[in-house]
């Protein structure tokens, strides 16, 4: 009967072991890192520590706290000075002179100056670096260090979106003395936190950089702790082990219990039904307009995403936000949809195939099914091709689709957001599936215009043109949910989902 | 099989047959063939899945790459070499102990595996221990009086254990315990068994229990069936007639003779667990081998997935060999045959 005795003893042992040191469970990490360390729950660890090639959300979030950029975004996504204290555009718009901040040091102690800027921007332009922001510098033909604190960018054409583009972490300024291969394991930036260590798939730790040029971070350090499941992150917050997290899934966010504050932030990224106007029935503008009129965006939002979001037009950045009512059918209109179909000579109905990603984001399949049901009522058959996310990305990248249910990232500047999609020379134009001489002209005007109000008008016109042509069907923007536990304050969430404000967070 | 060699076939044939026919040698050869098959299969399957490490890293942003940028990335990830060269290069490295490099973690796959494998082994052993400790006594109890109350309860419990998926048990356990009691050791940074044994065992408790619920079900059933079969045999009646006490009879005579199927079932379950209890490792943030494979597949880190799967297959083969050896220990009849 040893077995019978052993069982209760073992279980009791495990439970006792599991129940004893409650205090250390709650503040376990702070004990290791000193009081005031903040634990951020993340679903995955960064897939790279090189800012120039980082596109993964988690990587961007870590790197934004380690590296510095010439310009930055404030909480309204307006461009504010970063490593460049100020900048000035020449009268003809073809020279941008940046005055650099003095007294800035990298984490390794070396001094930041114009040489680092020239080195970084030139490396981003070089194709062998495979930097993702390369095209944001397409207008830049020359980068000159005038003196240690002045850099001059020569432009082929005026580029009003450039200061905003320089704020992306993909434009991070690296030290000219560093080899990129070394930075893959030991980042060296000018940001408010220094990289300390990392256990792959478990955690990554940062420490406050006391030599930061701005106001130093309030917490001593940050630990990004990998908890792959959002429900489990919430459970870890409930038990006090994690203090801050950015959640995507509205269902999970809604299940947060007492003691956790959830703040919703509308996102720049947008849900859309991308149409490839160079294929099949969709070459006919009337078919596209018929689809646009047959869709009730609010219903798609309600059924697929629990109503968590806002119906949107093309441009989602706060300063240039499109008016969602400015479109051929501001509300669903099945009669007009049928008229458009008849005008296209397709009164008996058309069939369109759409690719849908499964697993890339929570709402994709539900969204696709809601669209399918609504279009069916207007005699438009939407055939869904549901693909594993890798297969979806492959098809999307190759522009191998008639229509695509997509969640695309937005950018604070509308030129950076759509110039690459809807200009005939844009590097994503094949994927966008639409361009026109009028749009080329408008985007060129937008780039050349430096007056804010005049720019707004131009982009409102671009937005109207995209809707009138039904280039794509824009649906809605979602929220991200910043969850914080009691005692955590000061965090300012941004519409681009950025965690760049971690230095403002304090833990009591 | 005719020997193609014309020279002295008579001398060679018995020697070869003798060596190959030896159970240990044939087992080892079989194991090597299995591992090679796994290596080829995983290599091919990974490349049949659409996308590569570039699209996995950049997502739709990969559409914006210029041809030269793409070339630079292909060279960086080693995707520019022909598949056969990739396979032979990888296999050659593996044979010299180099399992590859993980670009995501910036660590060698060997280091990653050495970190993750012991964690999964610990979890698997704990889960198996728990399920054997629960499953075998319950199975014996159920077999005592077939269709009696304990039997019906045991059958019901095992049916429940079989039908409840691990993700449900895990999520419910975690949520209820952390919401109601603030108990969530898995929310803390993961601690290794030798770094902090107390916290480590706390963190292993819930995942092990979750796994054990599912695994004890087949063990209960197997034990019940095996015990019922052995109980009806003559030697049990003889033992009872000789006056052997009931408890001693159940454990020393019945259970011992019913062990072979129970060990088989346990070994099988252990083998599967070593493949990584991916779902449970995800829910409880246990950085085991299952998560390593999952992340590798998501990131399309070919070398990492190939090597890790090979290691898992090796573990599976080893567990099967050990199970076979155990038969010889517990059942003299196997030794004789």
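FYI, it's all coordinate maths here, none of it is from the lab. A quick note: this is a predicted structure, and the numbers were derived from the prediction, not measured. Note that each Cβ is placed from the backbone with ideal geometry, even for glycine, and that neighbours are counted across all protein chains shown.
Give the separation of the Cα centroids, the range A:255-269 to the range B:41-76, in Å.
Answer, in whole Å: 34.
With labels modelled as points extended 7 Å from the Cα through the Cβ direction, what inter-label distance (nm, one decimal) is found for residue A:302 paired with residue B:22?
Between residue A:302 and residue B:22, the simple spin-label model gives 7.7 nm.
Along the Cα→Cβ direction, 7 angstrom out, place labels at residue A:465 and residue A:157. What is the inter-label distance in nm?
1.1 nm
Quick one: if you take sqrt(5λ) for each eigenvalue of the C-alpha gyration tensor of the range B:83-125, what semi-axes come out, biggest first, whole angstrom?
After scaling each eigenvalue by five and taking roots: 24, 13, 8 Å.
As a test of understanding, state the convex hull volume per residue of the protein assembly as shown from its alpha carbons, in Å³.
With only Cα atoms used, the protein assembly as shown gives 214 Å³ per residue.
What's the extension gain from residue A:147 to residue A:215 if we count 0.36 nm per residue and subtract their Cα-Cα distance?
So the extension gain works out to 21.8 nm.
Two decimals, Cα atoms only, Kirkwood Rh: what is Rg/Rh over the range B:108-336?
1.04
Sorting B:149, B:125 on the 10 Å Cβ count, fewest up front, what's the list?
Fewest-to-most Cβ neighbours within 10 Å comes out as B:149, B:125.
Provide the gained length on full extension for the span residue B:81 to residue B:96, in nm with one decimal, where the gain is 0.36 nm per separating residue minus the Cα-Cα distance.
So the chain would gain 3.3 nm between residue B:81 and residue B:96.
For the protein assembly as shown, what is the mean residue ellipticity at 222 nm derived from helices alone (per DSSP H run of n ≥ 4: -39500 (n - 2.57); sum divided by total residues; nearest 500 deg cm²/dmol)?
Helices in the protein assembly as shown give a 222 nm mean residue ellipticity of -15000 deg cm²/dmol.
Over the alpha carbons of the range B:50-89, what is the largest minus smallest coordinate on each principal axis, giving the biggest first in Å?
That gives 32, 20, 12 Å along the principal axes, largest extent first.
If you average the alpha carbon positions of the range A:294-349 and of the range A:139-157, how far apart do those two centres end up, in angstrom?
Using only Cα atoms, the two centres lie 44 Å from each other.
Let me have the relative contact order for chain A, percent, based on Cα pairs under 8 Å that are six or more residues apart.
The value is 19 percent.
Explain nothing, just the number: relative contact order of the range B:108-336, from Cα pairs under 8 Å at least 6 residues apart, as a whole percent.
Relative contact order for the range B:108-336 comes out at 28 percent.
Could you give P(r) for the range A:129-201, binned at 10 Å from zero, as whole percent values over all Cα-Cα pairs?
Pair shares across the bins are 15, 40, 33, 10, 2.
Would you mind giving the mean number of other chain beta-carbons within 10 Å of the Cβ of each residue in B:74-83, as a whole number?
Taking all residues of B:74-83 together, the mean is 1.
Shielding by partners for A:51-59, please: the mean number of other protein chain Cβ atoms within 10 Å of each residue's Cβ.
3
Taking only the C-alpha atoms, wrap a convex hull around the range A:226-269 and report its volume per residue in Å³ as a whole number.
84 Å³
Pairwise over distinct Cα atoms, reciprocal of the mean inverse distance: report the Kirkwood radius of the range A:71-181 in Å, one decimal place.
14.3 Å
Hey, with R₀ at 35 Å, roughly what FRET efficiency would residue B:168 and residue B:298 work out to, going by the Cβ-Cβ distance, to 0.05?
Between residue B:168 and residue B:298 the formula returns 0.95.
Give me Rg over Rh for the range B:110-155, both radii from the alpha carbons and Rh done the Kirkwood way, two decimal places.
1.36
Considering the zone a paramagnetic label at residue A:111 would reach in this model (a point 7 Å from Cα along the Cα-to-Cβ line), which residues of the range A:52-95 have amide N under 14 Å from it?
Answer for the range A:52-95: none.
Quick one: if the Förster radius is 22 Å, what FRET efficiency do residue A:75 and residue A:452 give, using the C-beta to C-beta distance and rounding to 0.05?
0.75
Points 7 angstrom from Cα along the Cβ direction at residue A:263 and residue A:94: gap in nanometres?
Spacing of the two 7 Å Cα→Cβ label points: 4.5 nm.
Roughly what % antiparallel, to the nearest 5, for the DSSP beta bridges in the protein assembly as shown?
Around 75 percent antiparallel, to the nearest 5.
Please state, as a whole number in µm²/s, the translational diffusion coefficient that the Stokes-Einstein equation yields for the range A:267-479 at 25 °C and 0.890 mPa s, with Rh defined as the Kirkwood radius across alpha carbon pairs.
143 µm²/s
Measure of size requested: the Rg and Dmax of the range A:250-343, with Cα atoms as the atom set and Å as the unit; please supply both.
For the range A:250-343, the Cα-based Rg and Dmax read 16.8, 58 Å.
Eigenvalues of the Cα gyration tensor times 5, then square-rooted: what semi-axes does that give for the range B:97-231, in whole angstrom, largest first?
35, 19, 13
Run the numbers for residue A:383 and residue A:182: contour at 0.36 nm per residue of separation, minus the present Cα-Cα distance, in nm.
This chain segment gains 67.5 nm when fully extended.
Hey, how many Å between the Cα centroid of the range B:195-245 and the Cα centroid of the range A:389-419?
If we compute the Cα centre of each part, the gap is 55 Å.
I need to check one value: relative contact order of the range A:83-153, counting alpha carbon pairs closer than 8 Å and at least 6 residues apart, in percent.
This gives 32 percent for the range A:83-153.
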